[in-house]
1. Looking at region 229-238 only, could you name the residues that are small (Gly, Ala, Ser) and more than 30 Å from PHE153 (Cα to Cα)?
2. So GLU79 ticks every box in (1) without any contact (Cβ under 8 Å) to a residue 24 or more places away in the chain; (2) farther than 30 Å from ASN144 by Cα but one. Which box is left unticked?
3. Any residue at all in region 201-223 that's under 25 Å from ARG135 (Cβ atoms), touching a Lys or Arg at 6+ places or on another chain (Cβ under 7 Å) and among the hydroxyl-bearing types (Ser, Thr, Tyr)?
4. Free of Cβ contacts under 8 Å to residues at least 60 places away in the same chain, out of contact with any Leu (no Cβ under 9 Å at 6 or more places or on another chain) and either closer than 21 Å to ILE267 by Cβ or not polar (S, T, N, Q) (or both): is that true of CYS327 in this structure?
5. Let me confirm something: among PHE189, PHE153, which residue is part of a loop (DSSP other than H, G, I, E, B) and within 30 Å of PRO128 (Cα to Cα)?
6. Here are the criteria: (1) exposed (fewer than 14 other Cβ atoms within 10 Å of the Cβ); (2) within 57 Å of the chain's Cα centre (by Cα). Tell me which single one CYS125 does not satisfy.
7. Is it true that LYS308 is basic (Lys, Arg) and in contact (Cβ under 8 Å) with a residue 40 or more places away in the chain?
Amino acid sequence: MCVPPPQVPYARHSAPLDKDDFPTDSMVQYTCFPGYNTKGFPRAMCLLYNGTAQWFGPDLHCLPRSCGPPGEIAHGVREGDTFTFTSRVTYNCSEGFEVVGRPYRYCQSNGQWSGQLPECRPVQCEKPANPQNGRAHYTSVSYNSVVTYECRFGFKLVGPATRTCNASKLWDGLEPVCEEIKCEDPGPFYNGYFEGRSYSLGSTVFFRCFEGMKMEGARSATCLENGNWSNPIPKCLSPCIVPEMEQGNFTDFSPGSRVSHGQEVNITCIYRYDVIHTATPVSCNNGTWSHVPTCVPARCRQLPEKPKNGLVIAPKTDHGMKALFLCRDGYQLDGPNVTECHYGKWTLPSPICKESSFKALETKGLDSAMPAI
């Protein structure tokens, strides 16, 4: 009697499993499990050999069936290089792609791979929202797609102008916002005031000077798209107050009246007075006079008349200065030898230079001594 027939990996035999003794000449048939291919002799027989019953056979190997290559996928890789029964391959997608379908396949007993070959499709981000007072422009929301933002007129974009869909199904960066374009307060405006308090894009403020002030610069400014005003703040320049003058006045203006910035005026002195300051006219510069001339007693415009056969000596012809008269040798003054300039006129007339008596006698004696011709 033979013991139970030998076991073959991945195979079963035809003998009952609960039978322990097998008579000689018994034969069993082996069959490979599903998914395995038979290689060799699949039978065993109980024979008497040297007085001992023993099994001869089988000479069998059950080899796993091959399913062949399971296929490749675009934008992904396959893990697993064994393609026989019970083998498993796994598919992984490249960055920015996600698997559609089961990411693995098994080699089945029928020699076919389980399921369908999966796909790797680009990940999809959510549709980007339009910012308030703006728009988001895009043609796709798949991986590496770009969305561009813009704001409507009067608003500026704060944040990134573009965002890209990343592998995490998120738009990179922070979502931008559209802020209203506003210019800053134009700044201090001395001696004047603004009209118009809106500082948004396209708004215009008007500049007004207080009464009596003169504006220098633009009369308005508009808020531009870059957030700056189109013109700087002008200046409101103060007038000058006409002062009291001794012995004179500002021509056409009475004391206490106002003269606008930049205006020029002339000075007029009363009779017999002249302006001592030569720089005329006088100009007003933001509340300050360029200079204030002084009226002083008039000087004499010319020297006293020189006497015949004499001369006049006068270092200056200002009021109060004196002129000295002198005669040539042989002549003597007939009249005052000094006169004074008084408010533009000489106080005394010029004297005359008369021939002296000694010079006359000398001339007479010389004439009598000369022979007649």
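The values are calculated or read from the model by the stated rules, or taken from the named source; none is laboratory data. All values reported here derive from a predicted model rather than from experimental measurement. Cβ coordinates were reconstructed from backbone atoms using ideal geometry, including for glycine residues, and neighbour counts include every protein chain displayed.
1. Step one: of region 229-238, the residues small (Gly, Ala, Ser) are 230, 238.
SER238 - this is the single residue of region 229-238 that is small (Gly, Ala, Ser) and more than 30 Å from PHE153 (Cα to Cα).
2. (2)
3. no
4. Details: free of Cβ contacts under 8 Å to residues at least 60 places away in the same chain: yes; out of contact with any Leu (no Cβ under 9 Å at 6 or more places or on another chain): no; either closer than 21 Å to ILE267 by Cβ or not polar (S, T, N, Q) (or both): yes.
Here the answer is no, as CYS327 does not meet what is asked.
5. Working: PHE189 fails: within 30 Å of PRO128 (Cα to Cα).
Criteria check complete, one pass: PHE153.
6. Only one criterion in (1) exposed (fewer than 14 other Cβ atoms within 10 Å of the Cβ); (2) within 57 Å of the chain's Cα centre (by Cα) is unmet by CYS125, namely (1).
7. Working: basic (Lys, Arg): yes; in contact (Cβ under 8 Å) with a residue 40 or more places away in the chain: yes.
So LYS308 passes the test.
This table checks each residue for (1) surrounded by 13 or more Cβ atoms within 10 Å (Cβ to Cβ); (2) β-branched (Val, Ile, Thr); (3) closer than 30 Å to GLY154 by Cβ; (4) in contact with a helix residue (DSSP H, G or I) (Cβ under 9 Å, 6 or more places away or on another chain).
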residue: MET213; (1), (2), (3), (4): yes, no, no, no
residue: ALA221; (1), (2), (3), (4): yes, no, yes, no
residue: GLY227; (1), (2), (3), (4): yes, no, yes, no
residue: CYS240; (1), (2), (3), (4): yes, no, no, no
residue: ASN249; (1), (2), (3), (4): yes, no, no, no
residue: SER254; (1), (2), (3), (4): no, no, no, no
residue: VAL259; (1), (2), (3), (4): yes, yes, no, no
residue: GLN263; (1), (2), (3), (4): yes, no, no, no
residue: ARG272; (1), (2), (3), (4): yes, no, no, no
